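This report refers to the structure that appears directly beneath it.
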Amino acid sequence: MSRRGQLAMGWTLALLVIALFVNLGLWQSRRAVEKQAMLDAAERVLLERKAQPLAVAGDRERRHDYDWATGAGEFDARGVLLLDNQQHDGRAGVRAYRLFRPELGDVMLVDLGWLPLPHRQAMPDVPRPVGRQVLRGLVTAPPSAGLAMGPALAKQGEGWLLTRVDMDAIVDATGLQAPLAPRVLRLDPDLPLGYARDLALLPNTLPPDKHRGYAVQWFGLALAVLATALILTFRRPRTP
């Protein structure tokens, strides 16, 4: 193959690789912007703590927004829902959810907090709080499902073990005969109800700074490929 043909093939490959790396860098940059916007919006709500009724969780037009909400109701008699593979202070465990029926508004999921999981064969016991309860906390979208593979939940004793929080799957599995709010209530850590918890929005995923760092790496690799291609193009061929 002639040198011109080698250069054409080399540049074609280099440009494809550069385009791939640049797109990966742009994706990481967009994720950083999205997550920073999430954190900023939640921080404003947590600073103001302007209480809304729990019914705001059912507003499907605001399924990605944040609200500080409070209200009364009772926990549904159905079993606990345990979200698997959850980290807390570097330890693996599950996050406990229960269905809650507010006096006003749709049935909603309440995040009761994190529990350790010492044995895979034995799920932690999560008793249902009985009677009228007055709750407050941050209303937010459920945890991101990531790459959805396999069933979202499976029956486990009296409750269910979740691989992700899929509202439609929860309705089907529990036989809930009422609308389920698209957002969940993350309990105020100051409430005596529930288990270990905080209001961190990104406990099991990358923060914005990590995404920015990865974006810089991808852009750096794209520049490295470009520099290598230029060097190989303008390097003088060795004379025999």
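Before moving on, here are some points about what is shown:
- Top-ranked residue of the range 7-56 - restricted to ones that are under 20 Å from the mean Cα position of the chain (by Cα), open to solvent by 80 Å² or more (accessible area, probe 1.4 Å) and among the charged types (D, E, K, R), ranked as modelled with the highest pLDDT: 30
- Being touching a helix residue (DSSP H, G or I) at 6+ places or on another chain (Cβ under 7 Å) and part of a loop (DSSP other than H, G, I, E, B) is true of residue 105.
- For first residues located in the range 36-54 and within 21 Å of residue 110 (Cα to Cα), partners that are loosely packed, with under 15 Cβ neighbours inside 10 Å and modelled with pLDDT of 85 or more and lie 6+ apart or on another chain with Cβ distances below 8 Å form the pairs 53/104; 54/104.
- Scanning the range 60-76 for residues that are over 20 Å from the mean Cα position of the chain (by Cα) and not hydrophobic (A, V, I, L, M, F, W, C) turns up 70, 71, 73, 74, 76.
- Count - residues of the range 179-231 that are open to solvent by less than 60 Å² (accessible area, probe 1.4 Å) and among the charged types (D, E, K, R): 4
- A search for C-beta distances below 7 Å between a residue of the range 5-29 that is farther than 16 Å from residue 223 by Cα and any residue that is open to solvent by 80 Å² or more (accessible area, probe 1.4 Å) and part of a helix (DSSP H, G or I), counting only pairs 6+ apart in sequence or on different chains, returns 28/214.
- Check on residue 167, more than 28 Å from residue 39 (Cβ to Cβ) and either hydrophobic (A, V, I, L, M, F, W, C) or open to solvent by less than 30 Å² (accessible area, probe 1.4 Å) (or both): no
- Test set (1) in a loop (DSSP other than H, G, I, E, B); (2) touching a residue at least 40 places away in the same chain (Cβ under 8 Å); (3) of a type in the set (Gly, Ala, Ser) - residue 222 fails condition number: (1)
- Selection within the range 158-178 - assigned to a loop (DSSP other than H, G, I, E, B) and either aromatic (Phe, Trp, Tyr) or under 17 Å from residue 75 (Cβ atoms) (or both): 158, 175, 176, 177, 178
The values are calculated or read from the model by the stated rules, or taken from the named source; none is laboratory data. This one's a predicted model, so the numbers in the text were calculated from it and none came from an experiment. Cβ atoms come from the backbone with ideal geometry, glycine included; neighbour counts cover every protein chain shown. These accessible areas exclude ligands, DNA and RNA; they are computed on the full protein's heavy atoms, side chains included. Shrake-Rupley method; radii C 1.70, N 1.55, O 1.52, S 1.80 Å.
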